[in-house]
1. Please give the per residue accessible area of the chain, computed with a probe of 1.4 Å over protein heavy atoms only, in Å².
2. Rounded, prolate or oblate: which one fits region 153-246, using the alpha carbon gyration tensor with axes a ≥ b ≥ c (rounded when a/c is under 1.5, else prolate when a/b beats b/c, else oblate)?
3. Run through every distinct alpha carbon pair of region 156-207 and return the Kirkwood hydrodynamic radius in angstroms, one decimal place.
4. Straight distance only, please: which lysines reach the Cα of residue 332 with their own Cα at less than 24 Å, same-chain residues fewer than 8 apart left out?
5. With a/c under 1.5 counting as rounded, go ahead and sort region 329-398 into rounded, prolate or oblate using the C-alpha gyration tensor (a ≥ b ≥ c being the square roots of the eigenvalues; past the cut-off, prolate if a/b is larger than b/c, else oblate).
6. Which value in Å is the Kirkwood Rh of region 74-178 over different Cα pairs?
7. Using each residue's phi in region 133-150, evaluate 6.51 cos²θ - 1.76 cosθ + 1.60 at θ = phi - 60° and report the 3J(HN,Hα) Karplus result to the nearest Hz, with x for Gly and Pro.
8. So how exposed is residue 254, as accessible area in Å² (1.4 Å probe, rounded to 10)?
Amino acid sequence: MKKVTPNYFLGLILLFGCLFTVSAPLQAQNTPGVTAKEILIGSCSALEGPSHFLGTETVAGAKAYFAMVNDAGGVDGRKLKLLAYDDSYDPAKTEGCFNRLMEQKVFALGFFVGTPTAVKYIPMAEGNKIPVVGLFTGAQTLYVPLRHWVINVRASYFDETREQIDGLWGTLGYKKVGVIYPEDAFGAAVLEGVKAALKAHGAEPVAVGSYQRQTAQVGGAIDTVKAANPEAVVVVGPSNTVAPILKQSHAKGWKPLFLTVSFVGTDELILEAGPDAEGMVITQVVPPYYLTDFKTVALYRRTLTKFFPTAQPNFVSLEGFVDAMVLVEGLKRAGKDLTREGLIRGIESIHELDLGLGPLLKLDYGAKDHKGFDHVIPTVIRGGRAVPFTDWSTATPK
């Protein structure tokens, strides 16, 4: 039998110590989508189809921020890479897009667009225990109940519709409110928000009219709501469906106060509806992109000019930029030994963080709170531009 000496034990201790030292960074590098030099983020959104403006601009904003971070050395020496694939804002394409990202072994997901697609992606993400940070949708199902793997940045549609109804009811005295909405999860989410906001005032919509999603066949919905003679109408949809609603309504001589939520893609709506967009109220979840007194809005403008010189600034790409800021802040807080759970914990550690978007838009998370912002900014289209206001009496038709 071999004699065991003290030196033998010392050798074992040194050997195991070396193995442990080597295994620690290797363990970090075994996290999907993370190498010593790169962090891979995946996105599915509308890069093609009638709502492609929303997807391409969200991704453009995120890529601009990633480019700025990479230009400064990345996060803990790792460069950020965004794989952005198309789902055309079509729920039928979600599984294929998600599986494609899983095949690429991305570390986390972000910059998804739309409620009908999000409600498909979220169960898949939860099943794979992969974080989703920054969704261009305010559907309540993403906020309540708390979803461990879902990090929302924007205020919800409940926040937006509450701001709208409280402004109509309290300041303007408008108590007859109608809703025109698409027959999909997005339309249902906003309608639910409007109903909840009106219920707080002991009321309900005077009329609701629905239309088939992603079509301009909206005449029936218009006639249904118009018949109730509402003072204000919340119109739900992306710009390619809201613009025809405005045009057809005005052509019929019907001009109540029209309102919509941020998902519409304000700048694309102004382009598509032209003069018919004038006077519409749109609640926003980020400040107007031309208010460069806000530090982050100015940074967004400079960054967009540097990395995408031909891009036009807009609300949608600014939101993508802000979503990317949140993701990167979480990555920094997660530390060099990066894990998916560590990213969630990193974002949960963000409390009352001033992102440079004004005093009312401070980022606040917690273990039981995955919603970054609560504040909503009402705007009204004047002279082809979304102008913010605080006094709802200024939003009435001129």
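The values are calculated or read from the model by the stated rules, or taken from the named source; none is laboratory data. Here the structure is a predicted model, which is why all the values come from computation and not from measurement. No Cβ is skipped: glycine too gets one built from the backbone with ideal geometry, and neighbour counts run over all protein chains shown. What goes into the accessible areas is simple: the full protein's heavy atoms, side chains included, and nothing from ligands, DNA or RNA. Shrake-Rupley method; radii C 1.70, N 1.55, O 1.52, S 1.80 Å.
1. In whole numbers, the chain has 42 Å² accessible per residue.
2. Numbers: a/c = 1.97, a/b = 1.28, b/c = 1.54.
It is oblate, given that a/c is not under 1.5 and a/b is not larger than b/c.
3. 10.9 Å
4. 37, 63, 79, 81, 105, 129, 295, 306, 362, 368, 371
5. Taking the square roots of the gyration eigenvalues as a ≥ b ≥ c, region 329-398 is prolate.
6. Kirkwood hydrodynamic radius for region 74-178: 15.7 Å.
7. 10, x, 10, 7, 6, x, 4, 4, 5, 7, 9, 10, x, 4, 10, 4, 8, 10
8. So the heavy atoms of residue 254 present about 20 Å² to solvent.
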